[in-house]
1. Pairs of Cα atoms under 8 Å, at least six residues apart: use those to get the relative contact order of chain A, whole percent.
2. Per residue, how much accessible area does the range B:118-249 show when a 1.4 Å probe rolls over the protein heavy atoms, in square angstrom?
3. Accessible area of B:LYS115, 1.4 Å probe, to the nearest 10 Å²?
4. Which percent of the accessible heavy-atom area of the range B:118-249 goes to carbon and sulfur, probe 1.4 angstrom?
5. Which semi-axes, in whole Å and largest first, does the equivalent ellipsoid of the protein assembly as shown have when worked out from the alpha carbon gyration tensor as the square roots of 5 times its eigenvalues?
6. Quantify, in whole percent, the carbon and sulfur part of the accessible surface of the range B:1-88 (1.4 Å probe; protein heavy atoms only).
7. Enter the angle in degrees (range 0 to 90, nearest 10) between the Cα long axis of helix A:39-55 and the first principal axis of the Cα atoms of chain A, meaning the one along which they spread out most.
8. Where does each of B:ASP39, B:ASP94, A:ASP144 land when they are ordered by accessible area, with a 1.4 Å probe and the largest first?
Amino acid sequence: MLYVKNALTRKNLMALTGLFLSFFLIIHLFGNLQLLLPEEEAKLQYNWYSHLLAGNIVVKVIAIVLYICILLHTIDAIYLSLKSKKANGPRYAIDKRGRASKWYSRNMMFLGSIIFLFLIIHFKDFWYHFKFGQLPVDKNGNKDLYTLVIAAFDQLWYVILYVIAIIALGYHLLHGVFSAHRTLGLYHPLYSKIVKFLGMAYAIIMTMGYIAIPIFIYLNR
Amino acid sequence: MMKIHLKIWRQKNSQSKGGFKEYTLDDVHQEMSFLEMLDMLNIKLVKKAERPVEFDHDCREGICGQCGVMINGIAHGPLKNTTTCQLHMRSFNDGDTIYVEPFKASAFPLVRDLKINRSSLDNIISSGGYVSVDTGQAPEANTIPIANEIAEAAFDSAACIGCGACVASCKNSSAALFTSAKITQLELLPQGQKETRKRVVAMVNQMEEEGFGHCTNTEACEVECPEDISVLNIARMNYEYNKSKILRNK
Ligand code: HEM
Ligand code: FES
């Protein structure tokens with residue numbers, strides 16, 4: 001599939017990987033909402049939960065699929081952006097084409113790049129530390145990821161970084177979820193409208209949910 | 001009478017370097033169509049022994065799809081669902097400056113000035129946009145019953161005049177709206193079923209080969225389309241394409 005030049009096939013891959021990532025975001029959000037519990041409870045439960053995920057073989061397989069999805073989605077994003085560049089002729093001197101579409105639908109690569117940079121920081125600060133770093137353990141003997149996360153969100157600049165990245169993700173999803181269904185061939189007028197609405201609701205809920213966590217933690221300290 | 005300043009893209013051929021040239025017309029009528037205004041300019045240029053501005057046009061009644069140009073950065077100008085030939089000078093004000101550029105895409109090589117070569121669209125149609133029928137006498141109209149809604153839907157897709165505004169309006173220069181309309185108009189009708197799987201694959205492949213970009217579903221094409229062709233045609237094309245790839249039988 002990596003060598004397929006056909007844009008429709010490439011976009012199918014983009015849509016499927018994008019939808020899988022979108023599905024993952026739901027689970028990831030539910031897991032992280034545990035951070036908002038009262039401190040003592042949250043600490044033990046969150047560390048237990050992280051430990052549980054790290055040890056489970058099914059979760060390990062899903063995690064690998066997830067990494068592959070991020071990779072394929074990004075590769076396709078770059079491939080299609082280059083293809084688009086090649087297909088475009090010289091620029092228009094006066095270009096008012098933006099009136100006909102939403103800005104975020106035209107800037108999926110820009111939004112995606114913000115998400116990608118964010119993912120690098122996100123992986124390095126939490127995932128890498130948890131997996132390969134030396135973390136102290138809590139009283140149940142689980143690695144204390146909770147304290148690491150809380151300490152990170154104690155810094156204002158870090159919270160702001162998160163909020164910006166999540167807003168970019170929100171707009172990416174606002175267009176992405178609906179677009180993926182189009183790409184996969186949903187042509188029914190009514191269902192298409194329903195999916196557009198559900199995609200919007202989904203994007204708003206995800207954005208609110210993910211933004212709430214760092215802000216809540218910051219304000220509660 | 002209106003005074004109109006024009007900045008028109010002049011370019012001798014695809015190899016030479018182009019640029020804007022300024023012209024001012026003092027006696028433009030509101031009732032003139034955009035192309036009549038350009039005609040007026042050309043008469044003046046010819047009288048001065050200058051090379052007239054070349055632009056495509058044919059029917060001048062909005063049905064042939066020849067006349068697309070970029071007017072102030074929008075395909076076919078400011079009005080929605082209107083071809084350049086159906087745009088009138090009453091849409092502009094006295095003293096306006098109007099930029100006129102050709103449609104730009106790698107698959108639309110420039111011929112001269114505002115004139116481009118849109119053979120790439122024709123090539124997509126010839127790759128599969130037909131039905132196999134026996135020639136001979138015109139058959140009885142009701143031999144193949146077709147529900148009215150289906151006929152209407154097919155006609156909505158068939159309304160595409162192939163002007164290329166969708167490509168020009170797309171940030172990726174994608175011909176997805178054009179190609180999908182040409183596929184759907186046949187896909188909906190019983191006559192089109194014979195080639196159904198072959199057609200969509202052939203036409204999509206040809207679209208790729210001509211160097212058009214991919215579809216990001218921004219829906220700009222539908223907004224600027226003179227015939228208001230629905231983007232759901234694109235979803236339909238994707239569906240038919242995926243179906244024929246998955247259910248492939250040689
Ligand atoms: C959690 C992370 C992400 C999610 C959930 C996600 C989701 C999606 C979805 C559902 C689509 C719609 C696919 C379609 O139009 O068929 C999409 C499109 C897109 N994504 Fe992502 N994405 C993510 C990360 C990224 C990253 C990291 C990049 C780039 C570096 C990226 C670049 C793009 C681009 C450019 C498109 C539009 C493709 C086009 O032109 O049609 N995305 N994304
Ligand atoms: S000249 Fe035929 S559509 Fe404008």
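1. 31
2. 45
3. Its accessible surface works out to 60 Å², give or take rounding.
4. Here carbon and sulfur together make up 51 percent of the probe-accessible area.
5. 51, 29, 18
6. Whole-percent figure for carbon plus sulfur exposure: 48.
7. So the inclination is approximately 60 degrees.
8. So, going from the largest accessible area down, we get B:ASP94, B:ASP39, A:ASP144.
The values are calculated or read from the model by the stated rules, or taken from the named source; none is laboratory data. Predicted, not measured: the structure shown is a model, and the values here were computed from it. Cβ: placed from backbone, ideal geometry, glycine included. Neighbour counts: every protein chain shown. Ligands, DNA and RNA are excluded from the accessible area calculation, which covers all protein heavy atoms including side chains. Shrake-Rupley method; radii C 1.70, N 1.55, O 1.52, S 1.80 Å.
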